[in-house]
Amino acid sequence: MKAPLLFIFTFALAAGTIHAVDPDLARLQKSYDEASRRALQPIQATYQAELQKLLEQHTKNGKLEAAIEVKGEIQRLSEQSNPPSVSEQMDEAALRKKLLKGRFILFFAPPRSKLMTFGGSGRIDEGGAVQEHKWKLVGNELQIYNEPGQLAYTLAYDAATDSFKQNGTACLWMSRKAYLQNAPK
């Protein structure tokens, strides 16, 4: 029984790595990718929150080597969690171009907001601050990091509204319901 299930699971994972021309297959792939992400999100959020507590504990107790090791694990987790799906991979280049060429308004604690532009080096140019210092695009997810390198915001692109909205991924300011939209011209 385990061998057929393993085959089905492996086949399902492999199906997510094939570029679908058929719109029905693309829709199914996107649905599968989203369901997988939703299923793993609570586990990853709990692990990341526990890592953050451990980092604070080690820092407070002066255990710098242990704190550096934990910080490395937090970074590794943020880089590998939520790998881009097939549909997201197709859009990542276009989203990167959009971010580099555009001006945006970050509603960081709605209705509080500020103008923001993104530099090609991964730094936030206009609107950059201690809390919004660097950025990274992973699939359709915009990750904004503070100056110490902690994940401050995770915003997923929403094609229906042409904006980036907080997606529930664990981050420092996830309770703020932040979003990013195009600045008026």
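The values are calculated or read from the model by the stated rules, or taken from the named source; none is laboratory data. Computed from a prediction, not measured in an experiment: that's the story for all the values here. Reconstructed Cβ throughout: ideal geometry from the backbone, glycine too, with neighbour counts over all protein chains shown. Quick note on the areas: whole protein, heavy atoms, side chains included, nothing else; ligands and nucleic acids left out. Shrake-Rupley method; radii C 1.70, N 1.55, O 1.52, S 1.80 Å.
Counting only residues at least eight positions apart within a chain, or on another chain, the aspartates and glutamates with an alpha carbon under 16 Å from that of residue 60 are 50, 69. The length gained by stretching the chain between residue 27 and residue 69 to full extension, at 0.36 nm per residue less their Cα-Cα distance, is 11.1 nm.
Going through the cross-link list 63/136; 101/165; 30/134; 98/165; 114/177, which pairs have a Cα-Cα distance over 23 Å in this structure?
63/136; 30/134
For residue 126, nonlocal amide neighbours, meaning residues 5 or more places apart or on other chains whose placed amide H falls under 5 Å from its own, are 117.
Rounded to the nearest 0.05, the FRET efficiency derived from the C-beta distance between residue 162 and residue 59 at R0 = 41 Å is 0.55.
Solvent-accessible area of residue 147, all protein chains in place: 110 Å² (probe radius 1.4 Å, heavy atoms, ligands and nucleic acids excluded). One Cα centroid belongs to the stretch 142-179, the other to the stretch 35-79; the line between them spans 18 Å. Evaluating 6.51 cos²θ - 1.76 cosθ + 1.60 at θ = phi - 60° for every residue in the stretch 98-110, the Karplus couplings come out as 4, 5, 6, 9, x, 10, 10, 10, 8, 8, 7, 8, x Hz, glycine and proline recorded as x. For the pair residue 47 and residue 96, a Förster radius of 25 Å applied to the C-beta separation gives a FRET efficiency near 0.35, rounded to the nearest 0.05.
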